[in-house]
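The values are calculated or read from the model by the stated rules, or taken from the named source; none is laboratory data. The shown structure was predicted, so the numbers you read here are calculated from the model rather than taken from an experiment. Neighbour counts are summed over all protein chains in view; Cβ atoms, including those assigned to glycine, are modelled from backbone coordinates with ideal geometry. Accessible surface is based on the protein model in full, side chains and every heavy atom, while ligands, DNA and RNA are left aside. Shrake-Rupley method; radii C 1.70, N 1.55, O 1.52, S 1.80 Å.
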Amino acid sequence: MAQRSVVLALALWCLVADGEAVWMELSTTATKCFSERIQSNIVVIGDYDILFDGYPTRPILSIQVTSPYGKVLHHREKVMQGQFSFNTAEPGVYLACFSVDTLDKELGVALELTKLETAVQAVHGNLMYLRSKESDMRDVSDWTNFKITWLSLMSLSVCVIASIAQLWHLKRFFRKKKLI
């Protein structure tokens, strides 16, 4: 069962010699954060955009970037794309968190419930099919049991009749020979 997700493309470029890019898949009910250890006096520039292939509506998200001491450097809610930039004042681990907005979380939960309901209906349909097949097989088994019972009774009656016929024939034979 493939979970629908918001594909989030986030690119961070540092003005230092190297740059980095991060590509994340963000589920409809999750929050994802990433961190980076950055030295002081570094300019950080970030670009974020939502790619929403396979998602029924274009989602919106919230983003928050915080410094190592908890100062909020960038905070936006209900956005589809955006940019941020800041100059690092202190060295340490900087944190960027992305989450799907509440309305989309409710939509995501509704989608998950719809998927679960469809799965439950499929399981129920399979159980009803198996119940009908079991009933048919039970009927076949009962009919086969009935036929075997009658065949056994007929075989027993043939054996009894044959033994009675043999007794009658032997009795007649011995009387004719005057042994009895």
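To the nearest 20 debye, what is the magnitude of the charge dipole of the range 105-179 about its Cα centre, counting +1 on the Cβ of each Lys and Arg and -1 on the Cβ of each Asp and Glu? Present the calculation step by step, with values, prior to reporting the outcome.
Numbers: 12 positive and 7 negative charges, 327 e Å.
Roughly 1580 debye for the range 105-179.
What lysines does K115 reach when the alpha-carbon gap must be under 22 Å and sequence neighbours fewer than 8 apart in one chain are set aside?
Here the lysines satisfying the reach criterion relative to K115 are K105.
Ignoring ligands, DNA and RNA, what percent of the 1.4 Å accessible area of the range 105-179 is carbon and sulfur? Before the final figure, lay out the partial values.
Working: 4730 of 6810 Å².
Whole-percent figure for carbon plus sulfur exposure: 69.
So what is the diffusion coefficient of the range 63-180 in µm² per second by Stokes-Einstein at 20 °C and 1.002 mPa s, using a Kirkwood Rh over Cα pairs? Write down the numbers at each step before the final one.
Values: Rh = 23.8 Å.
D = 90 µm²/s.
Please give, to one decimal in nm, the separation of the simple spin-label points placed at S157 and C33, each 7 Å out from Cα toward the Cβ.
The answer from the label model is 8.7 nm.
Using a 1.4 Å probe, how large is the accessible area of M24, given in Å² and rounded to the nearest 10?
About 20 Å², rounded to the nearest 10.
So how far apart, in nm, are the two label points at V79 and A165 if each is 7 Å from Cα heading toward Cβ?
It is 10.2 nm.
Mind giving me the FRET efficiency for F174 and N145? R0 is 45 Å, r the Cβ-Cβ distance, nearest 0.05 is fine.
On the way: r = 43 Å, r/R0 = 0.96.
Once the sixth-power term is evaluated, E becomes 0.55.
Give the accessible area for E117 in Å² (nearest 10); use a 1.4 Å probe, count only protein heavy atoms, and leave out ligands, DNA and RNA.
Its heavy atoms expose roughly 110 Å² to the probe.
What residues qualify as long-range amide H neighbours of V22, i.e. H under 5 Å apart, gap of 5 or more or another chain, H built at 1.01 Å from N?
L10, A11, L12
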